[in-house]
Structures are given as structure tokens and as C-alpha cells.
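Before any comments, here is the structure.
The values are calculated or read from the model by the stated rules, or taken from the named source; none is laboratory data. Given the structure is predicted, the values throughout are model-derived calculations rather than measurements. Positions of Cβ are backbone-derived with ideal geometry, glycine not excepted, and every protein chain shown enters the neighbour counts.
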Amino acid sequence: MTMAEGLGMTKNSYTLVIGDKNLSSWSLRPWLALKHCGIPFAEECVRLRQPDSKAEILRHSPAGKVPVLKTKVGLVWESLAILEYLAERHPEHRLWPQGEEARAAARSISAEMHAGFAALRNDMSMELLGRLPSPPISAALEADIRRIAAIWKDTRARFGTGGPFLFGTFSNADAMYAPVATRFRTYGVDLARFGDDGSGTAYAAAILRLPAMAEWTRGAAAEIGSRKSEIGNLTSGF
């Protein structure tokens, strides 16, 4: 058996292990980049928030977290590391901007998204299909939203004149911030209250209009529908 076969891969493609599409913002990031670029891959989903979730994930990754990308040379885990790997392996898709200044900015704001915004993550967790009331806006949450609005506004002004995304065309930075656009929709965040001049709102709308985002959303709805059906089948037996 080859390493590729052992990793559950097909030739010339990848396998991406993800969590629930309604819940897993980290899984969405590399999935979106792969789909938007048309890079072939298979996907395996581990259901989250279950008693055996951790054990199931550990079957795929020693880090015990999703996502993880199975490649013909081994595993890549952590969303940003996967995006870096894809940019390196598929330069034709220009997942980082070509200009040196823009590329440095894209990496910086992507790393900031990867490491920061704890209040946003905790207070506005990903519920892709939900439309929920906003939690109380603490000082920490307000600071996070204001910072994201500023990043979107400033990046679009500096580098985004060539298209609707942060650096004009789609990049890894957009993959990193896409789940934030879904959170703002879920909790009804009006970015104008946090310093947006309209460019951030337009950017979030462009992300949500992506065909790959629509496909991910359909997948989330299908997963939830399937689980409701399973519950219905179980209860009908009593």
C-alpha cells in the first residue's frame, strides 16, 4: 500500500477532513479555498460535539482538531498552514497576492485572524444557518468588531480596487475572513455602528455570494436535515 492509499487519497488530489458545516469555521477556510480554485479533493466529515468526536478526529490527525489535509506526502493541519501549503503547491491560483507589499499585508491580517479575536469567537460562535439575536456587546467584542471593520475597509482601499475581495481577486485572506462574514449575518451585526463606511458590508456580501459559499451552506442544511431524519426514525420506533 502506498502512503497516498494509506491516507485515503486518490491520485492527484487531496482529502480534507472537516467538522460540521454549520459549526466549523476552521474547516470552512481551506475548504473554501480548494473549492473556489477548483482544486480536486475528497472530504470526510467528523461530527462535532459528540462523545466520540475527539477520538474520531485523532484517527485522522495527531493534533486532535479539524481541519486536516491528507496529501500524498503526509498530513497538514491548522487552517492557515493548509492555506500556505495550497499556495505553495498551486501557485497558478495566486492564493497570496503577487505584489510584495500586498502579500505581506495579506499574511499579516490572516495571521491576526488565526491568532486573535477571542471575544468574537466566544460571543458570536459560528451557527451558519442560524439567525440569532446579538449577544451583549462587551468592550472586548466591540473592539474585535471595530478592528475587523477597519481591516476590511483599509485593505479594500489600499489593495482591493481590482475586484470585490480584500486584495481584489480571491486570496487566502478571504478564506480566513469568510467565517466572520457568516457570523455577522447570523447575529445581525450592522458594521456601520463599528466604523464601516459601507466597504466592509459590501465585502461581506461578496463573500456570501461566492458559489462555493452557497455549496457549503447547502451542505450544512443537508447535514442538519439528515440528522433530523435520523432522530425522527429513532423516535418512530417507540
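Number of residues in region 104-124 that are crowded, with 16+ Cβ neighbours inside 10 Å and more than 16 Å from the chain's Cα centre (by Cα) equals 3. With respect to (1) out of contact with any helix residue (DSSP H, G or I) (no Cβ under 7 Å at 6 or more places or on another chain); (2) in the same structural domain as residue 177 (by TED's automatic domain parsing); (3) closer than 22 Å to residue 71 by Cβ, the lone exception for residue 114 is condition (1).
Which one of 127, 92, 101 is surrounded by fewer than 20 Cβ atoms within 10 Å (Cβ to Cβ) and in contact (Cβ under 8 Å) with a residue 60 or more places away in the chain? Explain how you work it out, then say what you get.
On the way: 92 fails: in contact (Cβ under 8 Å) with a residue 60 or more places away in the chain; 101 fails: in contact (Cβ under 8 Å) with a residue 60 or more places away in the chain.
Of the residues listed, the single one that is surrounded by fewer than 20 Cβ atoms within 10 Å (Cβ to Cβ) and in contact (Cβ under 8 Å) with a residue 60 or more places away in the chain is 127.
When region 162-171 is filtered for residues that are in contact with an Asp or Glu (Cβ under 9 Å, 6 or more places away or on another chain) and surrounded by fewer than 24 Cβ atoms within 10 Å (Cβ to Cβ), only 165 remains. Within region 177-193, being more than 11 Å from the chain's Cα centre (by Cα), of a type in the set (Ser, Thr, Tyr) and either crowded, with 22+ Cβ neighbours inside 10 Å or in a helix (DSSP H, G or I) (or both) holds for one residue alone: 186.
Filtering region 217-237 for residues that are assigned to a loop (DSSP other than H, G, I, E, B), outside the structural domain of residue 79 (by TED's automatic domain parsing), farther than 27 Å from residue 42 by Cα and at pLDDT below 95 leaves a non-empty set. When 174, 196 are checked against the criterion of being assigned to a loop (DSSP other than H, G, I, E, B), surrounded by 14 or more Cβ atoms within 10 Å (Cβ to Cβ) and at pLDDT 95 or above, 196 stands alone in meeting it. Just to be sure, is residue 86 buried (at least 18 other Cβ atoms within 10 Å of the Cβ) and part of a loop (DSSP other than H, G, I, E, B)? Spelling it out, it is not the case that residue 86 is buried (at least 18 other Cβ atoms within 10 Å of the Cβ) and part of a loop (DSSP other than H, G, I, E, B). I need every pair where a residue in region 8-26 that is at pLDDT below 95 has its Cβ under 7 Å from the Cβ of a residue that is crowded, with 19+ Cβ neighbours inside 10 Å and basic (Lys, Arg), sequence separation at least 6 or different chains. Listed pairs, sorted by first residue: 8/70; 9/70. Candidates are the residues of region 57-75 that are among the charged types (D, E, K, R) and part of a loop (DSSP other than H, G, I, E, B); the one that is nearest to residue 85 (Cα to Cα) is 72. In the set 75, 69, only one residue is under 23 Å from residue 179 (Cα atoms) and surrounded by 14 or more Cβ atoms within 10 Å (Cβ to Cβ); that residue is 69.
Only one entry in 137, 109 is of a type in the set (A, V, I, L, M) and part of a helix (DSSP H, G or I), namely 109.
Checked against (1) assigned by TED's automatic domain parsing to the domain that holds residue 33; (2) more than 19 Å from residue 23 (Cα to Cα); (3) touching a helix residue (DSSP H, G or I) at 6+ places or on another chain (Cβ under 9 Å), residue 105 passes all but condition (1).
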